[in-house]
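These notes are about the structure you will find just below.
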Amino acid sequence: MKVIGVHLDRCTGCKTCELYCAAERGSDGKTLLKAVQESPTPKPRVRVEGNNQLPIAMHCRHCLNAPCIDACLTGALTREPKSNLVVVQEDRCIACWTCTMFCPYGVIYPWPDRKIALKCDRCAFMDNPVCVEVCPCKALELVDVEEFDKIFEHRRQEVSKRIVGKKAGGLLLLDLK
Amino acid sequence: MESIQVKTVDPISQELLRSAYQRGLKLSWDRFEKLQPQDGFLRIGLSCPYGCLQGPCRIDPFGRGPDRGLCGLDREGMTAALLLRLTLSGALEAIPEDKPTSEPSWAPSLKEALPRALKNLGEDRISSAEVPKAAALLNRPMESAEGMIAQALRLALLTIGWLSKGPASQGRKKQLPLRVGYGLLAQKEINIGICGRPSPEFLKALLAEVDKNLSAMGQVLSLGEFISLEGICLPSVCTSGEAELVLNSGRINCLIAGPGTDPSITELCRTLNIFSASSLDPKSIRDLVKKAKEAQNISIQAGFNPQPSLVEEAEVIAASSILEESFKKGPAKKLALLGGADHPCHPLGWIPTEVTPALLGKGFSVTGWGDCGLWMVKKGLASAKNKRPVQILAGGQGPVLALKALADSGRLKDVKGIFYTGIKSCQDLAVALGLAVLGLRVGMAVPLPLWGSEKARNLLQEKLAAMAGSLTHFDHPAQAEEILDWFIK
């Protein structure tokens, strides 16, 4: 299973991901210049939050124990068996917004104009998610969960070096401060 | 590599592009691809152009985020202010160098269009005072979107007035012979390339030095600009979009970077070990010729041997009187003006080589300028051998030169449209707007940053319509068929 990771040190909060997500995924025109002329106004499925110092692009995490799926009254939110992604079946959605209230990350959005709940489906039918493709700083990256072990190996090494560097004896707690 | 044909339509350029890729060089197309998508907020005009440094403020076009800037500026005001800022830069570019405080001049034949434009803009006359007025409006947002658009149109008119004072439209009967093509590179052993627009004094001294020291061995070639000097037009190897490819050919021994040269050109010279000097340093001329001689035997890229016959010739019109005569004599009832710069969102040369023959076939008389004009010459469309050759306008003034001739010959009404293939400077944008203000139908193949505000777009079109003009710009890079339709319908 692949997830979208955010390099916090690279995200400048430019909102390019938001703009192009709305244009490509929320509009009929599929280009930014056409999308801004459309009604109802296209909406993005990714949102940049945080402040100037720490901006971060927020997407649906496609939790494996997804509370939104349990909360959905009509069965519109389902897990697609092949990709393992949580998707909204728009024809079943009754726009009750229960899922938006249950999402721990707040990344399912009501779209009253179209009477559906809107969430990231990781552009499952495309080669790469739009947000990952357009990010000018390459802050967004599509990574395989299986590779987490390897990706975060350097963090373990850094922490272990720091601990060993203290040359303390006896029992140690992994206090990162 | 599969997409090489969508980068340029010229087979020789494609060959050079392939060789550049094999050598690992990064050219404009790579930079363009890497820049995609370009800043969405700026592309639609919703990135605030006021330099107050309390921002940058941007308005979310989809309504979730901010709908106003910090000062309260709304999307209409922001888009209109961006148009005003771009037009102001364009007007400043057009200020006559010798007389920075001079007033614009107008052809008497514009007596119908000009008063109509002035009346609609609420002015008796347009003067250089429009510049400080626009600067004051761009100090802090205080004017309505309508007011800012009107001011942009006044500046556009001022730009036309200033450019009309240029040397080429002062009645000199001049037609300059121009040669264009890669074959020029094979004609002499030493080639000195020129980018940008060096001063006439520098060029004069350079040509004298080349004549003295290199005589029959060397020549000075333009890399994409119309450069005229004392009745001659420097031969041009390529259009400005292909200048990097020509450097990669290994046939340029040294380069002169005049004002307006892109940083990538001088950077590429460093990478390829081609000696380059600035035209702002007149002392460099002797050194330059010496270095060119030394570099004579250094073959940067073996294998590029263009046929010397790959050269097309044309007469470039540098005076409105010549154009006026041709408009008077010309049998074509419909006139089309097609010009402007190369733009990487289209394959280089695609629009000129597709649209021009189609327009000629439909009975139009076509006049070209800029890179588009060079493409027309390069593809033999402007050759005197043709039954109805395309007319090419000298650089700098472009369509402004045609405007006076059209007005004097009484053929303004026959102009079906003035179309820009690409816009490279704010001056081009200001001229395009100015032509629309004077009641002409103007179009451009690249989108303008106005799509963020429907109201600002409508205000602009309404104002232009009141002056019997129009400005068409698409929400996508226009295709050749769309441009043809635009002219025909």
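The values are calculated or read from the model by the stated rules, or taken from the named source; none is laboratory data. All of these numbers come straight from a predicted model, not from anything done at the bench. A quick note on method: Cβ atoms are made from the backbone with ideal geometry, for glycine too, and the neighbour counts reach across all protein chains shown.
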For the stretch B:248-269, pairs from a residue that is part of a loop (DSSP other than H, G, I, E, B) to a residue that is among the aromatic types (Phe, Trp, Tyr), with Cβ under 7 Å and 6 or more apart or across chains, are B:SER249/B:PHE304; B:GLY250/B:PHE304; B:ARG251/B:PHE304
Exercise for the section: Kindly check whether there is at least one residue in the stretch A:151-161 that is within 30 Å of B:GLN36 (Cβ to Cβ) and aromatic (Phe, Trp, Tyr). Expected result: no
Restricting attention to the stretch B:21-45, the residues that are in contact with a helix residue (DSSP H, G or I) (Cβ under 6 Å, 6 or more places away or on another chain), within 14 Å of chain A (Cβ to nearest Cβ) and either of a type in the set (A, V, I, L, M) or surrounded by 20 or more Cβ atoms within 10 Å (Cβ to Cβ) (or both) number exactly 2
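Looking at the structure I just gave you, is A:LYS119 modelled with pLDDT of 95 or more and either surrounded by fewer than 12 Cβ atoms within 10 Å (Cβ to Cβ) or under 15 Å from the mean Cα position of the chain (by Cα) (or both)?
yes
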When the stretch A:27-75 is checked residue by residue, the ones that are within 13 Å of chain B (Cβ to nearest Cβ), assigned to a loop (DSSP other than H, G, I, E, B) and small (Gly, Ala, Ser) are A:SER27, A:GLY29, A:SER39
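With assigned to a helix (DSSP H, G or I), free of Cβ contacts under 8 Å to residues at least 60 places away in the same chain and out of contact with any Ser or Thr (no Cβ under 6 Å at 6 or more places or on another chain) as the only criterion, which of B:LYS34, B:LYS99, B:LYS26 stands out?
One residue alone meets the criteria, B:LYS34.
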Those residues of the stretch B:190-208 which are surrounded by fewer than 20 Cβ atoms within 10 Å (Cβ to Cβ) and touching a strand residue (DSSP E or B) at 6+ places or on another chain (Cβ under 7 Å) amount to B:PRO200, B:LYS204, B:LEU207
Take the conditions surrounded by 15 or more Cβ atoms within 10 Å (Cβ to Cβ), assigned to a loop (DSSP other than H, G, I, E, B) and more than 14 Å from chain B (Cβ to nearest Cβ) and apply them to A:CYS99. Does it pass? no
All-but-one check, B:LEU464 against (1) within 14 Å of another protein chain (Cβ to nearest Cβ); (2) buried (at least 22 other Cβ atoms within 10 Å of the Cβ); (3) hydrophobic (A, V, I, L, M, F, W, C), failing number (1)
Counting only helices (runs of 4 or more DSSP H) entirely within the stretch B:312-410, those with at least 2 residues that are among the β-branched types (Val, Ile, Thr) are B:350-361
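The rows are residues; the columns are (1) closer than 17 Å to A:LEU118 by Cβ; (2) assigned to a loop (DSSP other than H, G, I, E, B); (3) hydrophobic (A, V, I, L, M, F, W, C); (4) away from every other protein chain (no Cβ under 13 Å).
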| position | (1), (2), (3), (4) |
| --- | --- |
| A:VAL3 | no, no, yes, yes |
| A:ASP9 | no, yes, no, yes |
| A:GLY13 | no, yes, no, no |
| A:ARG25 | yes, no, no, no |
| A:PRO81 | no, yes, no, yes |
